[in-house]
1. Could you check segment 223-250 and list, in sequence order, the residues that are surrounded by 15 or more Cβ atoms within 10 Å (Cβ to Cβ) and near the ligand (Cβ under 7 Å from one of its atoms)?
2. Which number in (1) part of a helix (DSSP H, G or I); (2) free of Cβ contacts under 8 Å to residues at least 12 places away in the same chain; (3) within 28 Å of ILE233 (Cβ to Cβ) marks the one condition that PHE114 misses?
3. Here's a check for you: in segment 81-103, which residue that is surrounded by fewer than 14 Cβ atoms within 10 Å (Cβ to Cβ) and among the aliphatic types (A, V, I, L, M) is farthest from GLU56 (Cα to Cα)?
4. On the given criteria, is GLU185 under 25 Å from LEU53 (Cβ atoms), modelled with pLDDT of 95 or more, among the acidic types (Asp, Glu) and not in a helix (DSSP H, G or I)?
5. Yes or no: segment 23-38 includes at least one residue that is at positive phi and at pLDDT 95 or above.
6. Quick one: which residue in GLU185, GLU177 is more than 16 Å from the ligand (Cβ to nearest atom), touching a residue at least 40 places away in the same chain (Cβ under 8 Å) and loosely packed, with under 12 Cβ neighbours inside 10 Å?
7. I'm told VAL138 meets every condition in (1) part of a loop (DSSP other than H, G, I, E, B); (2) in contact (Cβ under 8 Å) with a residue 12 or more places away in the chain except one. Can you identify the failing condition by its number?
8. Looking at LEU161, LEU197, LEU147 in this structure, which one is free of Cβ contacts under 8 Å to residues at least 40 places away in the same chain, assigned to a helix (DSSP H, G or I) and in contact with a Leu (Cβ under 6 Å, 6 or more places away or on another chain)?
Amino acid sequence: MPNDQRSAAVTYASYLKVDELLALQQPRSKGPEHDEMLFIVIHQVYELWFKELLHELDRVRRLLEEDESHRAQHTLKRILTILKVMVAQLDILETMTPLEFFSFRERLEAASGFQSDQFRQIEFLLGMKSERAIQRFVAGSRAHAALERRYREPTLWDGFLHYLAREGYDVPNGLLERDVIAAIEPSADVQKILVELYRRDTKNAELCERLVDLDEGIQEWRYRHVKMVERTIGSRPGTGGSSGAAYLRESVGHPAFPDLWAIRAQL
Ligand code: HEM
């Protein structure tokens, strides 16, 4: 084999880029303050889970496009397992007391989870899109480009409605051709379809239940995050410039797929 084609044997460290990964945790506090390491590690872990969630959510949408509902459900199950881990991980950060957090908080300056583009990408995929959220990122950056792309893409709900239409359900054309940038509004027509589906179509009722799990999982994360925020910074404003817990409470309890929740009273 010519020299230039011979590469070193793959190792655990070379495959996973362990040296690079371990060089990425850089506390800003003097000392540094003990808890800043946990704060950095946990946020980095979340960003990796967000990346994996996006990878899997894209797959669910694609599988629905290909009418592979069984495999879509399988992937949704994986997503839900990840979400459970993500919610549970907040327990670790809750071992950090307010005083431990305040020992380095000012070093965060205006940095905040508010600026997580991957979290916004997940919201966009679930139909919660906002032009303003894109404009917070520098034009030409990776984050800006990713959000621009997802802003124009159909949401997971759009993929699901198209799938239902191909399964023979009478989804109104207005919904199949809706503007994918617009918020997902409750629809009496879709609710009628879903009630019928739950009564007669076990396969697709299962799929709907997995979508409810996903919706509930995201809401669970929001709820646990705001509780953690309340116990750590109380009613103080956020580093990202919002009112803090009061701002976060506004999005708790808002479903991504309102029709799937509305039908519960009719089943
Ligand atoms: C002590 C721990 C934490 C505190 C005190 C905290 C505080 C806050 C506050 C106050 C906000 C509102 C925006 C602002 O003005 O800054 C926020 C938003 C956010 N945080 Fe945290 N956070 C913490 C941990 C985390 C962790 C571990 C994650 C995981 C990635 C995270 C992700 C987010 C996200 C995605 C938002 C935007 C939510 C939205 O706009 O609905 N936060 N956080």
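1. HIS225, MET228, VAL229, THR232, ILE233, GLY238, THR239, GLY240, GLY244, ALA245, TYR247, LEU248
2. Of everything listed in (1) part of a helix (DSSP H, G or I); (2) free of Cβ contacts under 8 Å to residues at least 12 places away in the same chain; (3) within 28 Å of ILE233 (Cβ to Cβ), PHE114 misses just condition (2).
3. Per the criteria, the residue is LEU99.
4. Yes.
5. As a first pass, look at segment 23-38 and keep what is at positive phi: 31.
Next, from what is left, pick out any that are at pLDDT 95 or above: none.
Scanning segment 23-38, I find no residue that is at positive phi and at pLDDT 95 or above, so the answer is no.
6. Working: GLU177 fails: touching a residue at least 40 places away in the same chain (Cβ under 8 Å).
Answer to the check: GLU185.
7. (2)
8. On the way: LEU197 fails: in contact with a Leu (Cβ under 6 Å, 6 or more places away or on another chain); LEU147 fails: in contact with a Leu (Cβ under 6 Å, 6 or more places away or on another chain).
That would be LEU161, the only listed residue that is free of Cβ contacts under 8 Å to residues at least 40 places away in the same chain, assigned to a helix (DSSP H, G or I) and in contact with a Leu (Cβ under 6 Å, 6 or more places away or on another chain).
The values are calculated or read from the model by the stated rules, or taken from the named source; none is laboratory data. What you are looking at is a predicted structure, and each value in this text was computed from that prediction instead of being measured. No Cβ is skipped: glycine too gets one built from the backbone with ideal geometry, and neighbour counts run over all protein chains shown.
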